[in-house]
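J.: Before anything else, here's the structure in question.
Laboratory data are not the source of any read-out in this text; all were calculated from the coordinates shown. All values reported here derive from a predicted model rather than from experimental measurement. Don't worry about glycine lacking a Cβ; one is built from the backbone with ideal geometry, like all the others, and counts go over all protein chains shown.
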Amino acid sequence: MKTKIAVFFGGRSTEHEISVISANQAMAAIDSDKYEVVPVYITKQGKWYTGQALTDVKNFRDIPALLKQCEEVYMRPVYGDYNLYTANRKLFKSDVLTTLDLAIPVLHGSNGEDGIFEGVLETIGLPYAGCNTLASANGMDKITMKMILAADGIPVVDYVWFTDKQWFSQRDTLIAKIEEKIGYPVIVKPANLGSSVGIGRAENRDQLLERVDDAQRYSSRIIVEDMVENLQEINCAVLGDCDEYITSVLEEPIKSGEILSYTDKYMGGSKDNRGMHAAQKRIPAELPADETERIRHLAGETFRVLSCHGVSRVDVMVDGNTRQIYVNEINTIPGSLSFYLWEAAGIKFPELMERLVRLALKRKRDQGAKTVSYDSNIFALGGGLKGAKGAKA
């Protein structure tokens, strides 16, 4: 019996299409001699489907036709129930379509990379690869992430954050704070999106108003950061868990403008749907040896401090004038799973997927050794009654 690995992808996210590309790459790299891959595609409306047609990215050009070849499915939020159920049960037949052994989420962006989906898997108890709910949520939210990193001495740029409602009610105060603490130019970002969606540069107050108005279309939490003008962007992947991990070679993405755009990241002048692999980049990045080691150290520390797991990519910024290095963000489910960085380090894509499977199973074993409840019933012992609302002494 082969181990059944469900690869979840798509989702209710602005990065839906990138997730489809990354997942198809990952599924193709999983060893079919050892594992049976069960693709589970989540539509933009939140419905789940499975079927072999989902393993060919070309089929996604016509979603309605694709879904006609697939089976709508769901899982029950019951601990220990690893079954994938059909949503269209036939009379006198079981509604269990298959039983899963492990999950690999390849859900980029909101409702997938932010801990929401990981919480579903933890409720069920199904072993899964990647960061847990807490690490995913902290890694996804740029505000929370910077607070945690700064508290542990990891360098981040100056920033101001606020909610969309605060922007509406305290706009003048916030503008004054931004101009006093940071000054122009600044970068405005939705706090919990990736892939450069909703991100823009502001050179003055008028542009700041425009950029915040755009960012709040995507998120209720906004962050405004000091812009490193003579910027060199460097990425480093990390693999393992927060107690034992390795770092990859470094890459320098090549951007077409001042900011690395969605097109730079995922198209790269290519039309072959290769995701982040298509982006133009220098591997390894051309940096002095001491800066290379410093960046790899900061990437590992970011991974450790946020209690990450599996594979992540840490993006840093180097100030070309001062050579100061800042951690920009972590991608807990990076595009293409950063397989090209690991290939440059001598770890082929199939081996990367094998390591993710082993890490998921190891975490499940470690969790099994922890106490999560006591075998007792205080109600049967007469306890817990005095504090009850309306109880009489």
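J.: Net charge around I182, counting only other residues with Cβ within less than 9 Å of its Cβ (Lys, Arg = +1; Asp, Glu = -1)?
T.: Numbers: positive: K177, K181; negative: D158, E179, E180, E225, D226.
Charge balance near I182 sits at -3.
J.: Something else about it: Hey, what number do you get for the chain at 222 nm if only DSSP H runs of n ≥ 4 count, each worth -39500 (n - 2.57), divided across all residues, to the nearest 500?
T.: Values: 12 runs with 123 residues, N = 393.
Dividing the helical sum by the residues of the chain leaves -9500 deg cm²/dmol.
J.: Does anyone have the angle between helix 349-368 and the longest principal axis of the chain? Alpha-carbon axes, 0 to 90°, nearest 10?
T.: 60
J.: Then there's this: Efficiency by 1/(1 + (r/R0)^6): what FRET value for E351 and D243, r their Cβ-Cβ distance, R0 = 22 Å, to the nearest 0.05? Each step should come with its number before you reach the end.
T.: Working: r = 21 Å, r/R0 = 0.95.
It comes out at approximately 0.60.
J.: I've got another one for you. Place the peptides 119-126, 99-106, 76-83, 327-334 in order of packing, highest mean first, counting for every residue the other Cβ atoms within 10 Å and averaging per peptide. Write down the numbers at each step before the final one.
T.: Working: 119-126: 16.9, 99-106: 22.8, 76-83: 12.5, 327-334: 24.8.
Final packing ranking: 327-334, 99-106, 119-126, 76-83.
J.: Name the residues whose placed amide hydrogens come within less than 5 Å of the amide hydrogen of V249, ignoring near sequence neighbours (fewer than 5 apart) on the same chain.
T.: When sequence neighbours closer than 5 places are left aside, the close amide H contacts are A345.
J.: Sticking with this structure for a sec: With axes computed from alpha carbons, what is the tilt in degrees of helix 289-305 against the longest principal axis of the chain, rounded to the nearest 10 within 0 to 90?
T.: Its long axis makes an angle of about 40 degrees.
J.: Related question: Using label points projected 7 Å from each Cα along Cα→Cβ, tell me how many nm separate N204 and Y79, to one decimal.
T.: According to this spin-label approximation, the distance is 6.0 nm.
J.: I want to check the label-to-label distance for T3 and N88. Put each point 7 Å from Cα in the C-beta direction and report it in nm to one decimal.
T.: According to this spin-label approximation, the distance is 3.3 nm.
J.: Out of A380, A29, A215, any idea which swings most in a Gaussian network model of the chain, alpha carbons joined below 10 Å?
T.: With Cα springs under 10 Å in the chain, the top fluctuation among A380, A29, A215 is at A380.
J.: Using amide H atoms built in the peptide plane, which far-off residues or other-chain residues are under 5 Å from I223 H to H?
T.: Those lying under 5 Å, H to H, from I223 are K189, A191.
J.: Can you give the extra length, in nm with one decimal, that the chain gains between D213 and K58 once fully stretched, where that is 0.36 nm per residue apart less the Cα-Cα distance? List each step's numbers first, then the result.
T.: Values: separation 155, 0.36 × 155 = 55.80 nm, distance 3.57 nm.
Contour length minus Cα-Cα distance gives 52.2 nm.
J.: Please find, in a Gaussian network model of the chain (springs between Cα atoms separated by less than 10 Å), the residue of F162, F379, F339 whose mean-square fluctuation is greatest.
T.: Residue with maximal mean-square fluctuation among F162, F379, F339: F379.
J.: Still on this model: How are the C-alpha pair distances of the chain spread across 20 Å bins, as whole percents from the shortest bin up?
T.: It works out to 26, 53, 20, 2, in whole percents.
J.: Also, quick follow-up: Using each residue's phi in the range 247-252, evaluate 6.51 cos²θ - 1.76 cosθ + 1.60 at θ = phi - 60° and report the 3J(HN,Hα) Karplus result to the nearest Hz, with x for Gly and Pro.
T.: Running phi through 6.51 cos²θ - 1.76 cosθ + 1.60 with θ = phi - 60° gives 10, 8, 5, 9, 10, 10 Hz.
J.: Just to be sure I follow: if Rg is taken over the C-alpha atoms of the range 66-136 and Rh is the Kirkwood radius over the same atoms, what is Rg/Rh? Provide the component values of the computation, followed by the final result.
T.: Working: Rg = 13.6 Å, Rh = 13.3 Å.
Result for the range 66-136 is an Rg/Rh of 1.02.
J.: I've got another one for you. Contour minus end-to-end for R282 and K370, with contour as 0.36 nm per residue of separation and end-to-end as the Cα-Cα distance? Intermediate results must be reported in sequence, preceding the final value.
T.: Numbers: separation 88, 0.36 × 88 = 31.68 nm, distance 4.40 nm.
Value of the extension gain: 27.3 nm.
J.: Length gain on complete extension for the stretch L134 to V96, per 0.36 nm per residue less the alpha carbon to alpha carbon distance? Write out the running numbers ahead of the final one.
T.: On the way: separation 38, 0.36 × 38 = 13.68 nm, distance 3.08 nm.
Value of the extension gain: 10.6 nm.
J.: Could I ask something else about it? If you fit an axis through the alpha-carbon atoms of helix 205-215 and take the longest principal axis of the Cα set of the chain, what angle between them do you get, 0 to 90°, nearest 10?
T.: Approximately 10 degrees, to the nearest 10.
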